[in-house]
Amino acid sequence: MAEKDASEKILESYNDVFSDIVNVLLFNGRQVLGADELEDQAPRSYYKVDGKTREIERDVAKRWKNGNIRVACIGFENQTAFDPNMPLRVMGYDGAEYRAQLLGDSENLYPVVTLVLYFGHDKPWSGPLSLKERLNVPKEFEPYVNDYKINRFQIAYLTREQVELFQSDFKVIADYFVQKRENGDYVPSSQDLTHVQETLQLLSIMTNDHRFEDAYNTSTDDRKGGPRNMCDVLDKVENRGIEKGIVKGESEQVRKK
């Protein structure tokens, strides 16, 4: 499970992909956040409960810097199914980061923004989008309970125009899930990938279909050159299936003899 979780986060950890996701989802494709303006942030935060140190971990987190000044902390959380407790989880991540700022340079506090990336394509997100939606708040307390909303983005439900705004390998990811939602099938893109293995790892994990990553690993093993785009990937998947079918057919013929 730990290996799976780590692989899921690698593609989004690249600055070109991270900034591309933020620029499209938050700024409608405007190049507000530069890849060279990001610095890695440890995804783990710590807090104490009953005298014991506890750990809380984001999927991916980076700080946006303007020169030496930190402008914001931005985090991603990946979901393949809706989580009714997501507002509480996000509030915990953001709160831990604000607390870390208070314990550090409290004179220069900066905002924390979390993006929840939902990859489900069979049905839209149906879970709470705010803290109040998750709580049972007595009407007498309603005016006094602060709400906390999450920034949820449904990747499979992006428009074609939004998908075309992506400039990184995440465009292939978004295109795949949009096509699966619209047609139940996928016509591969000829866009060459920059981070081939990491893109295929993310697709394998989010779809639970390991043929994507296997296509890369097989290419590496046989030294015939790895796939450059999704057309190459699906060609290798198809050829691999044919080879297995031939082997299976030959084995069955041997057993019959």
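The values are calculated or read from the model by the stated rules, or taken from the named source; none is laboratory data. This structure is a prediction, so every number in the text was calculated from the model and none was measured. Heads up: the accessible areas ignore ligands, DNA and RNA and are worked out on the full protein's heavy atoms, side chains in. Shrake-Rupley method; radii C 1.70, N 1.55, O 1.52, S 1.80 Å.
Note that region 138-185 shows a convex hull volume over its alpha carbon atoms of 125 Å³ per residue. Ranking of Asp169, Asp105, Asp232 by solvent-accessible surface, largest first: Asp105, Asp232, Asp169 (1.4 Å probe, protein heavy atoms only, all chains present).
Computed over region 68-141, relative contact order equals 49 percent, with contacts defined as Cα pairs under 8 Å that lie 6+ residues apart.
Summarising the amide proton neighbourhood of Val113: residues at separation of 5 or more, or on other chains, whose placed amide H is nearer than 5 Å comprise Cys73, Ile74, Gly75. Using the 1.4 Å probe convention, the accessible area of region 161-204 works out to 41 Å² per residue with neighbouring protein chains retained. Any idea what the relative contact order of region 152-226 is, in percent, if you count C-alpha pairs under 8 Å spaced at least 6 apart? Reported as a whole number, the value is 21 percent. Here the scattering of region 54-202 is modelled by Debye summation over its C-alpha atoms, one equal scatterer each and no solvent; at q = 0.10, 0.20 Å⁻¹ the log10 of I(q)/I(0) is -0.47, -1.26. For the residue pairs Lys62/Lys149; Lys9/Lys171; Lys62/Lys123; Lys9/Lys62; Lys123/Lys180; Lys9/Lys149, the alpha carbons lie more than 22 Å apart in Lys62/Lys123; Lys9/Lys149.
Proximity of backbone amide H atoms, modeled 1.01 Å from N, is registered between Tyr186 and no other residue at under 5 Å, excluding neighbours fewer than 5 places apart on the same chain.
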